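Each remark here refers to the structure printed beneath this line.
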Amino acid sequence: MEFRRVDISRFRNIDRAEINFAPGLNFIYGGNGSGKSSLLEALYLLSCGRSFRTARDADYVKTGAAHTVVSAQLKTEAGGQQRVGMSRRVGFNEYRFNGS
């Protein structure tokens, strides 16, 4: 499974981001507090269903926001594409795979 695109909304210090990944190796760089770890946490959350930083889901919702949404387009080993996403609203997490 390979990430092709990720869309992040109100996750930690990221208000809104749309990132297209190149095939193969991608480098993530930037200054302190620019969102590098938040991006990796969002990808981990989609992959594993939980955060590597906290056990409380509410901790990764951007301060002052009511909810967060993270979704990604994936390339499968067979060459197809799939969509995975998660949203966190007050007291409720929703995960979707190919829209279901």
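Any read-out appearing in this document is the output of simple, stated calculations on the displayed coordinates, not a laboratory observation. On a predicted model such as this, the values are computed, not experimentally measured, just so you know. Note that each Cβ is placed from the backbone with ideal geometry, even for glycine, and that neighbours are counted across all protein chains shown.
Worth pointing out:
- Across the alpha-carbon set of region 1-45, the Rg to Rh ratio works out to 0.94, Rh being the Kirkwood radius.
- The chain, helix-only ellipticity at 222 nm - DSSP H runs n ≥ 4, -39,500 (n - 2.57), divided by all residues, nearest 500: -4000 deg cm²/dmol
- For region 1-43, the relative contact order is 34 percent, taking Cα pairs closer than 8 Å that sit 6 or more residues apart in sequence and dividing their mean separation by the residue count.
- Dividing the convex hull volume of the alpha-carbon atoms in region 51-100 by its residue count gives 91 Å³ per residue.
- Between A66 and R53, the modelled labels are 2.4 nm apart [label points 7 Å from Cα along Cα→Cβ].
- Kirkwood analysis of the chain, using all unique Cα-Cα pairs, places the hydrodynamic radius at 14.0 Å.
- A Förster radius of 30 Å combined with the Cβ-Cβ distance from Y29 to S87 puts the calculated FRET efficiency at roughly 0.60.
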